[in-house]
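Remarks on the structure that follows.
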Amino acid sequence: MSDETQTQNPLRDAIDDAIRSNEVILFMKGTPEQPMCGFSARTSAALQALEAPFAAVDILPDPRIRQELSALSNWPTIPQLFVRGELVGGCDIVMEMYESGELAQLLGVEQPGGEPAQADAAQAAPLSIENRLG
Amino acid sequence: MATTMATKEELKERIEAGIPGARAEVRGDDGHHFEAVVTAPAFAGLSRIAQHRLVYDVFGGELGGRIHALALQTKAE
């Protein structure tokens with residue numbers, strides 16, 4: 001019953017517009033300052049470690065955001081990082097790319113010499129996973 | 001509606017059945033959170049996104065629902 005093709009859907013259009021108009025945008029649970037999930041914490045910490053400017057959208061306030069985002073991106077989980085309109089991935093992919101230096105390259109920033117985002121992640125959340133859809 | 005708990009054995013079987021030539025190592029014993037390392041010749045030449053999508057597609061809407069989380073690492077052979 002889902003019509004994936006066209007957009008009688010202002011929320012989906014707004015998400016689509018946000019993805020297009022922000023070079024780097026992260027959809028996450030919570031905010032970079034106060035992430036509400038370990039995956040979102042690690043992903044935003046990696047971006048912060050690279051000092052790459054990014055827009056962040058908290059998907060928690062309205063469950064429809066997540067529904068529409070996942071329908072749009074065809075990606076089931078949160079967080080989701082988009083760069084120049086393209087889905088880069090969720091936490092696993094972003095962390096893998098962060099550690100290999102590919103993320104810095106994609107974002108056009110310097111890879112910092114120091115530790116990866118693990119220190120931040122450790123204090124942000126233990127590796128217990130919270131990913132609920134309802 | 002009764003839903004049975006997911007197991008790592010089930011996930012392994014379904015990934016290996018769903019992706020030709022795939023080998024999966026799956027960890028996770030709580031029935032909800034899993035970690036998988038999947039190797040498949042089908043991944044060759046695909047972006048990570050596309051590789052992960054192939055695995056996600058095996059489970060469709062169950063991810064985020066019955067299977068709360070699947071941490072994924074994919075490798076082409």
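List of remarks:
- Annotation note: of A:Leu103, A:Leu26, A:Leu69, the sole residue that is at pLDDT 95 or above and under 21 Å from B:Gly61 (Cα atoms) is A:Leu69.
- Only a single criterion out of (1) away from chain A (no Cβ under 11 Å); (2) open to solvent by less than 20 Å² (accessible area, probe 1.4 Å); (3) not aliphatic (A, V, I, L, M) is not satisfied by B:Thr74, namely (1).
- Pairs with Cβ under 9 Å, 6+ apart, first in segment B:41-53 and closer than 17 Å to A:Gly90 by Cβ, second of a type in the set (Phe, Trp, Tyr): B:Ile49/A:Trp75; B:Ala50/B:Phe43; B:Gln51/B:Phe43; B:His52/A:Trp75; B:Arg53/A:Trp75
- Residue that is surrounded by the most Cβ atoms within 10 Å (Cβ to Cβ), among those in segment A:87-104 that are in a helix (DSSP H, G or I) and either more than 11 Å from chain B (Cβ to nearest Cβ) or on the phi > 0 side of the Ramachandran plot (or both): A:Leu103
- For first residues located in segment A:83-112 and touching a residue at least 40 places away in the same chain (Cβ under 8 Å), partners that are among the hydroxyl-bearing types (Ser, Thr, Tyr) and buried (at least 19 other Cβ atoms within 10 Å of the Cβ) and lie 6+ apart or on another chain with Cβ distances below 6 Å form the pairs A:Gly90/A:Thr77; A:Cys91/A:Thr43; A:Val94/A:Thr43.
- Within segment B:9-28, the set of residues being more than 12 Å from B:Ala42 (Cα to Cα) and buried (at least 17 other Cβ atoms within 10 Å of the Cβ) comprises B:Leu11, B:Lys12, B:Arg14, B:Ile15, B:Ala24, B:Val26, B:Gly28.
- Residue in segment A:47-63 that is within 19 Å of A:Met95 (Cα to Cα) and within 14 Å of chain B (Cβ to nearest Cβ) present: no
- Any hit, segment A:43-55, residues being under 23 Å from B:His52 (Cβ atoms), modelled with pLDDT under 95 and open to solvent by 40 Å² or more (accessible area, probe 1.4 Å): no
- Top-ranked residue in segment A:31-42 [being touching a strand residue (DSSP E or B) at 6+ places or on another chain (Cβ under 6 Å) and buried (at least 16 other Cβ atoms within 10 Å of the Cβ); ranked as nearest to the other protein chains (Cβ to nearest Cβ)]: A:Ser40
- Qualifying positions in segment B:29-48 - open to solvent by less than 20 Å² (accessible area, probe 1.4 Å) and in contact with a Leu (Cβ under 9 Å, 6 or more places away or on another chain): B:Phe34, B:Ala36, B:Val38, B:Ala40, B:Phe43
- If you go through segment A:71-86 and keep only what is more than 8 Å from chain B (Cβ to nearest Cβ) and not aliphatic (A, V, I, L, M), you end up with A:Ser73, A:Pro79, A:Gln80, A:Phe82, A:Arg84, A:Gly85, A:Glu86.
- Residue within segment B:26-39 that is free of Cβ contacts under 8 Å to residues at least 24 places away in the same chain, among the small types (Gly, Ala, Ser) and not in a loop (DSSP other than H, G, I, E, B) present: no
- Qualifying residue in segment B:37-53 (condition: within 11 Å of the chain's Cα centre (by Cα), of a type in the set (A, V, I, L, M) and within 14 Å of chain A (Cβ to nearest Cβ)): yes
- Residue that is surrounded by the most Cβ atoms within 10 Å (Cβ to Cβ), among those in segment B:57-67 that are farther than 12 Å from B:Leu11 by Cβ and facing another protein chain (nearest Cβ under 7 Å): B:Gly64
The values are calculated or read from the model by the stated rules, or taken from the named source; none is laboratory data. Quantities reported herein were computed from a predicted structural model and do not represent experimental measurements. Don't worry about glycine lacking a Cβ; one is built from the backbone with ideal geometry, like all the others, and counts go over all protein chains shown. In case anyone asks, the SASA skips ligands and DNA or RNA and just uses the protein heavy atoms, side chains included. Shrake-Rupley method; radii C 1.70, N 1.55, O 1.52, S 1.80 Å.
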